[in-house]
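Here's the structure we're looking at; comments come further down.
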């Protein structure tokens, strides 16, 4: 499948994702209707409102946006900043999603159950990344629309970047399924290029190298003492004086502490989701070496990002189930963690995928170059 043909399902998937998020955001005001609390409960209603509000064009219920121009707060100006933030958010999402989706569809080439499932999972992870980046790009306008943008700007920027991810996770899965359906319709029936011949030892080595890169964040940087140093080690004065919250978002995939008086068995039990994340990353990187038609650095790096995001979702799902089983809160209360760590997954996934791709390419002979060599040998003979 050519890039031009792969761009069609990518673009339609981006429009579907944006449409789903816009529809979800437009539904946020329905949570204020009488009787909603009886259906979802007070806690559930508050959680849903927080998940849907970041994708809503409707202005939040605040006097900041209600005061007329010239009055304290300059409400109309702040309201226009809010609308600008939402326009930027959706525009970045619609533009960014097809770029990564086209590359994934082109290199994974949907067809057959295994490859089609791989495309859906990859696009699911990429939808979360694209949505998170769209929120991050529009975050400065969103912070400024609340007034006092110069007060603790970086912590407020970090808080704004982490909004709306549970809804994004659900919408991304639906958009991935829609993009796969369009990709199967757009795919021409022609002989597909043979995948790169990656020896099994080289594929396992590449997966191990990439997993070690992910472990740097999950095991090294996410240890509570190291995370605390990242949080508090950068101080200063002025607008950019507190980057700790922002650094944690882009560097930490999780958080863990050393065993305490609760016992080693309980500690190891709660570390199982992190071990599961590393296992998913290793397995996903191992599969990428076989599924990609060419193990290029951009494709491998983007695939590693998607694999890391999927591992994070599984980690957070298992952790949520473990916490809910203890009876300390409802599932919806803990489900708000879905999508956390996606910025760090982008950073370390790119590093892990690039390292794995270099290992794979150093042990792989490209089929295209082999065929060119055979043609040259035949011509010379």
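The values are calculated or read from the model by the stated rules, or taken from the named source; none is laboratory data. If you're wondering where the values come from, they're calculated on a predicted model, not measured in any experiment. Every residue, glycine as well, gets a Cβ built from its backbone with ideal geometry; the counts of neighbours run over all protein chains shown.
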For residue 279: the one exception among (1) in contact with a helix residue (DSSP H, G or I) (Cβ under 6 Å, 6 or more places away or on another chain); (2) at pLDDT 90 or above
(1)
Would you mind listing the helices (runs of 4 or more DSSP H) fully within region 271-346 where at least 3 residues are within 15 Å of the chain's Cα centre (by Cα) and in the same structural domain as residue 358 (by TED's automatic domain parsing)?
297-325
Any residue that is more than 19 Å from residue 310 (Cα to Cα), touching a helix residue (DSSP H, G or I) at 6+ places or on another chain (Cβ under 7 Å) and not in a helix (DSSP H, G or I) - is there at least one of those in region 86-109?
yes
Test residue 281 against the stated conditions and say whether it is out of contact with any strand residue (DSSP E or B) (no Cβ under 8 Å at 6 or more places or on another chain), in contact (Cβ under 8 Å) with a residue 60 or more places away in the chain, within 30 Å of residue 201 (Cα to Cα) and surrounded by fewer than 17 Cβ atoms within 10 Å (Cβ to Cβ).
no
Among (1) more than 16 Å from residue 339 (Cα to Cα); (2) buried (at least 19 other Cβ atoms within 10 Å of the Cβ); (3) at pLDDT 90 or above, there is one condition residue 305 misses while meeting the rest; what is its number?
(1)
Looking at region 213-224, which of its residues are in contact (Cβ under 8 Å) with a residue 24 or more places away in the chain and part of a helix (DSSP H, G or I)?
213, 214, 215, 216, 217, 218, 219, 221, 224
So, in region 185-206, how many residues would count as being in a loop (DSSP other than H, G, I, E, B) and at pLDDT below 80?
10
May I ask you to say which residue of 18, 53 is surrounded by 15 or more Cβ atoms within 10 Å (Cβ to Cβ), assigned to a helix (DSSP H, G or I) and modelled with pLDDT under 95?
53
Output yes when any residue across region 23-36 is at positive phi and either at pLDDT 95 or above or in the same structural domain as residue 169 (by TED's automatic domain parsing) (or both), and no when none is.
yes
